[in-house]
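**Q** Here it is: the structure, laid out below.
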Amino acid sequence: MMQKILLYYKFAPISDPHAVMLWQKTLADSLHLRGRILVSAQGLNGTVGGDIDDLKAYVKATKQYPQFKDIVFKWSDGSRDDFPRMSVKVRRELVGFQNSEDEFDVDESGVVGGGTHLKPNEVNELVQKYGEDVVFFDGRNAHEAKIGKFKGAVVPNTNTSRDFIAELESDKYDDIKDKKVVTYCTGGIRCEVISAMMKKRGFKDVYQIDGGIVKYGEQFGDDGLWEGHLRVFDKRMTMTFSDKAKTIGQCTHCGGKTSNFENCAFANCNDLVLICEDCKQNPDLLYHTTACREKAAAKV
């Protein structure tokens, strides 16, 4: 049986997240799925892998819950084995921006006060019409943009989602607040929150891509405004939309082209290192920094 991965989210008020969590765990386990599902009072967010027929049964059952009836599911290449287990958890925030529940409200239509949604073709039309007055704003963590991003995108200096509020409240983006700003992220969920946070901080004309990079890449492959590889958070680590994908990442050590991430060999660090296959063969280079290598040696 052919396998796939589903990505999805839905912002909607949930009165009893724990009950929804138990239902989703029972449903996913009964269909032999693996992946991660988060439930909060703000809605549902998940990535699950399994047999296509089981995934279709999961989609049908999930849509029967009134708040999730119009949820959009995105299909991606992959399998159940790309995940170690099936994890279903309740979280205070659906996206971890640290106290972001105070930043926006959620109603039956989704996030209140977020950016205007654009279909992938509408993104291209906006750029064709307004040219340099359109700015792409990366809503992911900075390391993800090293291997793939929209051409000419602004990439905030963020190591974790918690860094975004401080970035937006700095003055470094004042020059784009009057432009047409298109936020983007992997599947679209982070941009729901980021676009609302941007509008609260003086960005006048904010947009977000329906379905995120995944939906845009499905439609345009590597013939559009996206270039490079997409970082994903399962065993695959990265994915591409066609065999024409550019390699825009650079090896931390030699500067050669690569899209390969490895965790720093110093366990206390464990940050991701962008390292080419050649440098990867040298154990001394499997460290984020020289300091990490020295600390690891001192522990031996």
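The values are calculated or read from the model by the stated rules, or taken from the named source; none is laboratory data. Predicted model, so just to flag it, every value in this text is computed and none were measured. Counting neighbours? That spans all protein chains shown, and the Cβs are built from the backbone with ideal geometry, glycine included. What goes into the accessible areas is simple: the full protein's heavy atoms, side chains included, and nothing from ligands, DNA or RNA. Shrake-Rupley method; radii C 1.70, N 1.55, O 1.52, S 1.80 Å.
**Q** Return a yes/no flag: does the stretch 207-222 have any residue that is open to solvent by 20 Å² or more (accessible area, probe 1.4 Å) and without any contact (Cβ under 8 Å) to a residue 12 or more places away in the chain.
**A** Within the stretch 207-222, none of the residues are open to solvent by 20 Å² or more (accessible area, probe 1.4 Å) and without any contact (Cβ under 8 Å) to a residue 12 or more places away in the chain.
**Q** Shifting gears a bit: So, in the stretch 245-289, how many residues would count as being of a type in the set (S, T, N, Q), surrounded by fewer than 16 Cβ atoms within 10 Å (Cβ to Cβ) and more than 22 Å from Thr158 (Cβ to Cβ)?
**A** Within the stretch 245-289, residues that are of a type in the set (S, T, N, Q), surrounded by fewer than 16 Cβ atoms within 10 Å (Cβ to Cβ) and more than 22 Å from Thr158 (Cβ to Cβ) number 2.
**Q** Being under 28 Å from Met2 (Cβ atoms), of a type in the set (Val, Ile, Thr), surrounded by fewer than 20 Cβ atoms within 10 Å (Cβ to Cβ) and modelled with pLDDT under 95 is the requirement here; does Val72 meet it?
**A** The answer is yes for Val72.
**Q** Moving to a separate point now. Can you work out which of the residues in the stretch 151-195 that are among the β-branched types (Val, Ile, Thr) and in contact with a Ser or Thr (Cβ under 9 Å, 6 or more places away or on another chain) is most open to solvent (accessible area, probe 1.4 Å)?
**A** Across the stretch 151-195, the extreme among qualifying residues is Ile165.
**Q** Here is a list: Ser109, Ser87. Which entry is more than 17 Å from the chain's Cα centre (by Cα), open to solvent by 10 Å² or more (accessible area, probe 1.4 Å) and at pLDDT 95 or above?
**A** Matching residue, one of Ser109, Ser87: Ser87.
**Q** So, restricting to strands (runs of 3 or more DSSP E) that lie completely within the stretch 119-204, which ones have at least 1 residues that are among the β-branched types (Val, Ile, Thr) and within 18 Å of Trp226 (Cβ to Cβ)?
**A** In the stretch 119-204, the matching strands (runs of 3 or more DSSP E) lie at 134-138, 180-184.
One line per residue, one yes/no per condition, for (1) open to solvent by 80 Å² or more (accessible area, probe 1.4 Å); (2) basic (Lys, Arg); (3) at pLDDT below 90:
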residue	(1), (2), (3)
Lys25	no, yes, no
Ala61	no, no, no
Arg91	yes, yes, no
Gly96	no, no, yes
Ser100	no, no, yes
Gly113	no, no, yes
